[in-house]
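A.B. asks: After the structure tokens below, expect a handful of questions from me.
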């Protein structure tokens, strides 16, 4: 305040100089006159002072009509012509601006100065509690305030969408749907200097609509026959640390447009949820993350693509815990997450499918029994959300998504109240020496070449690098087992992931053989899967067939192999 007063006093001094200059030629023997340095004085809400200068050639009196808070006291002046007065105001305790009038009155002259003091801070909301429907939407908070206050919201499912700095105003907020399955609360805090007002918002559970079969006419066998080849948006929405943390750009509509243009008619969207929770105890998913996932799903819908949305590895909270036996808290988390996901995406038609997990860690019958309970929870949670989800096609994973384990341990599927809406998912990376091994291990060598036509490249320094374990006949036999166990009985099977890692070899001829081998492998998987009614989804982690940054085909040879497989 001291600095402000010095500045103000300096300003007054400048005004006085101007004032005295204007009056210096005044003739004392002339007509009566009265000159005042200010017609109006304005003060802030706090206690303050200002100088007022008066010049006249007749006697006068100075008074204030609000002496209880605005006083006027004459000061010593070095000028014989100009009088100096100190105007003092106390702090304004009121919430309204107040005014006073200083009157200068002489026998033949009169004048006045208006004094204005701003109001003290005032902040009052009209209503402190709001109850919202589960469907969400806009709601208004009316308030009275003397300034533009700060707004803090302790939940991401409420957004402030309008702000106006006027004395009486309405703040507009919008609440997302409550997909959590439980009543939830949030607090909005308004702050103006040292004043605060808070509003508590309670949102009820979203109502469960009646079953709705509109746009959901196809059962699992019919729908899966429509998918010839799918593509995985790998290493993006499931990436630990955020969508771009593993080197891929953020997913765009243009990217999915390109996938459609390339000939894929379905997209699998591996998705993380655990790192996007508001609360690890309630498992409430952040509204911002649900909205982002929705954007990506919508990209697929705009291209008339089928889309599979899952809970991927997600830190392993379910998949890695299976060998520890059934865990009620894991089961509760599975139910809570899928209730939210299914509710949020409930109104999408049959182009959107849900998959319960990714690669559940199962080694024996006990593990399989645990997995089956978690898969049953997934199915029940989705169906319980009503609407189109009563008929949504769902995908459950075989043990470790391994074909042999699935044949051995998966002797039953979850019970589903809606018939013919379940599919089984396996992944195909056989042999691992060719598909995934980056370097030689103690138990075996990495294979660089695959297929009878590429066996010739495994000579010299590359002797023993040809896949002699899982060639074309092996692919056919494995897929035939799935056909007979599931597809022939009306249970579709999707190969949710398949691919072979790209290696860089120092020898040009060997590199050619390796590239041809990968293309041959992809073509074989797609061809043999389609021949048996299985649905293949190519795994692309960002270095597969699509250059996501430039939206160009990344590997023409491999891409042609995939497309040849569906001809």
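A.B. asks: Criterion first (farther than 30 Å from residue 333 by Cα and in contact (Cβ under 8 Å) with a residue 12 or more places away in the chain) does residue 217 satisfy it?
C.D. replies: yes
A.B. asks: Is the stretch 476-491 home to any residue that is part of a helix (DSSP H, G or I), more than 30 Å from residue 378 (Cα to Cα) and in the same structural domain as residue 372 (by TED's automatic domain parsing)? Explain how you work it out, then say what you get.
C.D. replies: At the first step, the residues of the stretch 476-491 found to be part of a helix (DSSP H, G or I) are 476-485, 487-489.
Restricting the remaining residues to those that are more than 30 Å from residue 378 (Cα to Cα) gives 476-477.
If we keep only those that are in the same structural domain as residue 372 (by TED's automatic domain parsing) too, we end up with 476-477.
Yes, there is a match, as at least one residue in the stretch 476-491 is part of a helix (DSSP H, G or I), more than 30 Å from residue 378 (Cα to Cα) and in the same structural domain as residue 372 (by TED's automatic domain parsing).
A.B. asks: Name the residue, out of 237, 290, that is part of a loop (DSSP other than H, G, I, E, B) and either touching a helix residue (DSSP H, G or I) at 6+ places or on another chain (Cβ under 9 Å) or farther than 27 Å from residue 556 by Cβ (or both).
C.D. replies: Values: 290 fails: part of a loop (DSSP other than H, G, I, E, B).
The conditions single out 237.
A.B. asks: Exactly one condition in (1) touching a strand residue (DSSP E or B) at 6+ places or on another chain (Cβ under 7 Å); (2) in a helix (DSSP H, G or I) is false for residue 368; which is it?
C.D. replies: Unmet condition: (1).
A.B. asks: Still on this model: Conditions: (1) touching a helix residue (DSSP H, G or I) at 6+ places or on another chain (Cβ under 8 Å); (2) part of a loop (DSSP other than H, G, I, E, B); (3) touching a residue at least 24 places away in the same chain (Cβ under 8 Å). Residue 419 meets all but one. Number of the miss?
C.D. replies: The number of the failed condition is (1).
A.B. asks: Does at least one position in the stretch 255-263 carry a residue that is surrounded by 14 or more Cβ atoms within 10 Å (Cβ to Cβ), within 26 Å of residue 180 (Cβ to Cβ) and touching a helix residue (DSSP H, G or I) at 6+ places or on another chain (Cβ under 7 Å)?
C.D. replies: So far as the stretch 255-263 goes, no, none of its residues is surrounded by 14 or more Cβ atoms within 10 Å (Cβ to Cβ), within 26 Å of residue 180 (Cβ to Cβ) and touching a helix residue (DSSP H, G or I) at 6+ places or on another chain (Cβ under 7 Å).
A.B. asks: Also, quick follow-up: Do we have any residue at all in the stretch 265-274 that's in the same structural domain as residue 547 (by TED's automatic domain parsing), within 11 Å of the chain's Cα centre (by Cα) and without any contact (Cβ under 8 Å) to a residue 60 or more places away in the chain?
C.D. replies: no
A quick yes/no check of all residues on (1) farther than 26 Å from residue 359 by Cα; (2) buried (at least 24 other Cβ atoms within 10 Å of the Cβ):
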residue: 496; (1), (2): no, yes
residue: 499; (1), (2): no, yes
residue: 502; (1), (2): no, no
residue: 505; (1), (2): yes, no
residue: 513; (1), (2): yes, yes
residue: 516; (1), (2): yes, no
residue: 524; (1), (2): no, no
residue: 536; (1), (2): no, yes
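So that you can scan it fast, the table gives a plain yes or no per residue for (1) touching a residue at least 60 places away in the same chain (Cβ under 8 Å); (2) over 28 Å from residue 44 (Cβ atoms):
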| site | (1), (2) |
| --- | --- |
| 92 | no, no |
| 96 | no, no |
| 100 | no, no |
| 128 | yes, yes |
| 131 | yes, yes |
| 135 | yes, yes |
| 147 | no, no |
| 152 | no, no |
| 160 | no, yes |
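A.B. asks: Turning to a different aspect of this structure: Quick one: in the stretch 275-284, which of the residues that are in contact (Cβ under 8 Å) with a residue 40 or more places away in the chain and part of a strand (DSSP E or B) is surrounded by the fewest Cβ atoms within 10 Å (Cβ to Cβ)?
C.D. replies: The residue in question is 278.
A.B. asks: Checking residue 119 against (1) part of a strand (DSSP E or B); (2) in contact (Cβ under 8 Å) with a residue 40 or more places away in the chain; (3) within 30 Å of residue 37 (Cα to Cα): exactly one of these is not met. Which one?
C.D. replies: Unmet condition: (1).
The values are calculated or read from the model by the stated rules, or taken from the named source; none is laboratory data. If you're wondering where the values come from, they're calculated on a predicted model, not measured in any experiment. Please note: Cβ atoms are built from the backbone with ideal geometry, for glycine as well, and neighbour counts cover all protein chains shown.
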